[in-house]
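Since the structure comes first, as structure tokens, the remarks are kept for the end.
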2 protein chains.
Amino acid sequence: MIPFGQRLALAVSQKKNPVCVGIDPRASSLPESLKPKSGASPESIIESIEKFCFEIVDTVADLVPIVKPQSAFFEELGPLGMLALHRIVRYASQRGLLVVMDAKRGDIGTTAVAYANAYLGAGAPGSPAYSPWGADALTINPYLGADTLEPFTQRCASSGSGVFVLVKTSNPGSSFLQDQPLEDGRTVSQKVADTVESLSFATRGELGYGDIGAVVGATYPKQLEEMRTRMPSTWILIPGYGAQGGSAQDVKLGLDTRGLGAIVNSSRGIIFAYEQTRYQTSPYQATRWTESVRKATLDMIEALS
Amino acid sequence: MIPFGQRLALAVSQKKNPVCVGIDPRASSLPESLKPKSGASPESIIESIEKFCFEIVDTVADLVPIVKPQSAFFEELGPLGMLALHRIVRYASQRGLLVVMDAKRGDIGTTAVAYANAYLGAGAPGSPAYSPWGADALTINPYLGADTLEPFTQRCASSGSGVFVLVKTSNPGSSFLQDQPLEDGRTVSQKVADTVESLSFATRGELGYGDIGAVVGATYPKQLEEMRTRMPSTWILIPGYGAQGGSAQDVKLGLDTRGLGAIVNSSRGIIFAYEQTRYQTSPYQATRWTESVRKATLDMIEALS
């Protein structure tokens, strides 16, 4: 089984770009052709959302290495939403995409083991890489402590999966804890980063990157640059590009000279591209919304090249 | 709609104890009468687990004020496990129990809104307190920043729900971030506690407690005592009793003189009581496992009285 860090390097190299498409569906933003009628049943709303996500996957599968479904938007739909999420993850895998489940899980002991078993592993039933949700990687939260990362890193090793540990998030309030200086001179996020780097270093492959990644937002470019240096063996998942304000120049600070070492996520900027004026001009009509999505994906790839 | 903090005070007063039963099912620990046969299908394993959880609810519904399903153990079962979780939460509500969903969610902006909408609200469909998962409260993680708590506190206000913010967890590695001293002299967990207290103070009701709670483990009694003083308006959810090592003396430090202000969780110690020698003696046979569960619940209630 090829470790996640190496599979990601291969996928980024093959697709020649580090773009991660965030799958964050909202019923209110679906294109006209899929928008639920007022009074639609919850079941038919979820059906529309699922169709939308499948079309997104079809539209970007040949272009990008990885997609990132946001679990919250499916959990918000209740158990049927979770069934849809399950099918979307499987479909993306079938289409050759890596999948990082953005669920920001974190807990202690056997509970952390349960989360790791739930999400990490895109293999067939019966294989050591099988998990019910079938993701290649999972975002996780370090607040509970370094010991709570272990069940995840162990599962990564046994299933060829990866995790991305929250280090520095893209929101304005991320300074509340993450930027706080500790007595030893490091900030909270630097302390987490050092732990992540040591875990990733221990699993690094031929190209120098391991399986334990970090989330570092594009909205704080200086910190992104510092984190790139601080975590030389660590894949960085960079949210905050586009809609949240991070520019192409900003996110390039997370990449190494080979264009590896980071994946850059865009969610709304790609999947709802048809809402933007510049993607609404002919031939990107409302009924041909996937053309807008494809054009926005290609634009992002070009901006990062 | 009565706010969560007041509903919890009422429930604890009526049941005359602060016991929270943690619903953390594992197929390998089910009683003999429900244990899946080797080679059982995933569907029949989930069916057994669901039956077990319903029986747990039936067994403790007249004794305790609140139950706490651990989402991870249902997520581990895949989408069908999530359907079972959904039914278990509804059933517990129908049986008059408050439900805190232990899912430790946390994210930014609209994603945090989605998590809040997903879980917070045990009302009927169409009411402002409706949520697909139907919980009265949710555990949440503060690492992303104080701004990321707002969508949850707003949802609490609009739906009569509550949250419990992770402050100091019960695991050995919780010191990694939570005990770290900051430049202002507080530790990370104290800083989080002060934010939680100010949010809870703003929502406090007649009995002095608000809707924004805190998780503080029983395994660090000194910190529990300090946190009780530091957060006078805040309900504390205390994990770590029993199996994890916290004693009755320890957890009493989290209660006020009226026996309010904290709920004390036990999971394995109650739901798998029949695995303990002291609950296996006649008449607590394997086939009468709910009697062991009931006896263990009553013993915990007595120990905390």
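Key figures
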| quantity | calculated |
| --- | --- |
| Filter result (in a helix (DSSP H, G or I) and touching a residue at least 40 places away in the same chain (Cβ under 8 Å)) within the stretch B:197-214 | B:LEU199, B:SER200 |
| Pairs where the first residue, in the stretch B:127-147, is more than 7 Å from chain A (Cβ to nearest Cβ) and the second is assigned to a loop (DSSP other than H, G, I, E, B) and of a type in the set (A, V, I, L, M), C-beta under 7 Å, 6+ apart | B:ALA129/B:MET1; B:TYR130/B:ALA124 |
| Residue in the stretch A:17-26 that is in a strand (DSSP E or B), touching an Asp or Glu at 6+ places or on another chain (Cβ under 8 Å) and modelled with pLDDT of 95 or more present | yes |
| Test for B:ALA27: is it over 19 Å from B:GLY269 (Cα atoms) and not β-branched (Val, Ile, Thr) | no |
| Breaking point among (1) farther than 25 Å from A:PHE176 by Cβ; (2) within 16 Å of the chain's Cα centre (by Cα); (3) crowded, with 23+ Cβ neighbours inside 10 Å, for B:GLU75 | (2) |
| Sole residue being more than 17 Å from B:ALA72 (Cβ to Cβ) and surrounded by 24 or more Cβ atoms within 10 Å (Cβ to Cβ), chosen from B:ALA146, B:ALA124, B:ALA129, B:ALA116 | B:ALA116 |
| Residue under evaluation A:SER33, criteria (1) within 18 Å of A:SER266 (Cα to Cα); (2) touching a helix residue (DSSP H, G or I) at 6+ places or on another chain (Cβ under 6 Å); (3) outside any strand (DSSP E or B), criterion not met | (1) |
| Candidates B:LEU77, B:LEU63, B:LEU85, filtered to the one that is part of a loop (DSSP other than H, G, I, E, B), at pLDDT 95 or above and within 14 Å of chain A (Cβ to nearest Cβ) | B:LEU77 |
| A:LEU34, sole failed condition from (1) within 13 Å of chain B (Cβ to nearest Cβ); (2) surrounded by fewer than 24 Cβ atoms within 10 Å (Cβ to Cβ) | (1) |
| When residues of the stretch B:95-115 are limited to those that are within 7 Å of chain A (Cβ to nearest Cβ) and among the hydrophobic types (A, V, I, L, M, F, W, C), the one nearest to B:MET82 (Cα to Cα) | B:ALA114 |
| Residue count for the stretch B:88-125, restricted to those that are part of a strand (DSSP E or B) and in contact with a Ser or Thr (Cβ under 8 Å, 6 or more places away or on another chain) | 9 |
| Matching residues, the stretch A:156-189, being part of a helix (DSSP H, G or I) and under 14 Å from A:GLY213 (Cα atoms) | A:CYS156, A:ALA157, A:SER189 |
| Top-ranked residue of the stretch A:42-60 - restricted to ones that are buried (at least 17 other Cβ atoms within 10 Å of the Cβ) and either within 17 Å of the chain's Cα centre (by Cα) or basic (Lys, Arg) (or both), ranked as nearest to A:CYS20 (Cα to Cα) | A:VAL60 |
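Let's see how each residue does on (1) in contact with a strand residue (DSSP E or B) (Cβ under 8 Å, 6 or more places away or on another chain); (2) under 14 Å from A:TYR115 (Cα atoms); (3) acidic (Asp, Glu):
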residue	(1), (2), (3)
B:LYS51	no, no, no
B:ILE56	yes, no, no
B:VAL64	yes, no, no
B:VAL67	yes, no, no
B:SER71	yes, yes, no
B:LEU77	no, yes, no
B:LEU80	no, no, no
B:ARG87	no, no, no
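The values are calculated or read from the model by the stated rules, or taken from the named source; none is laboratory data. Because the structure is a prediction, the values reported are computed rather than measured. Glycine also receives a Cβ, built like all others from the backbone with ideal geometry; neighbour counts cover every protein chain displayed.
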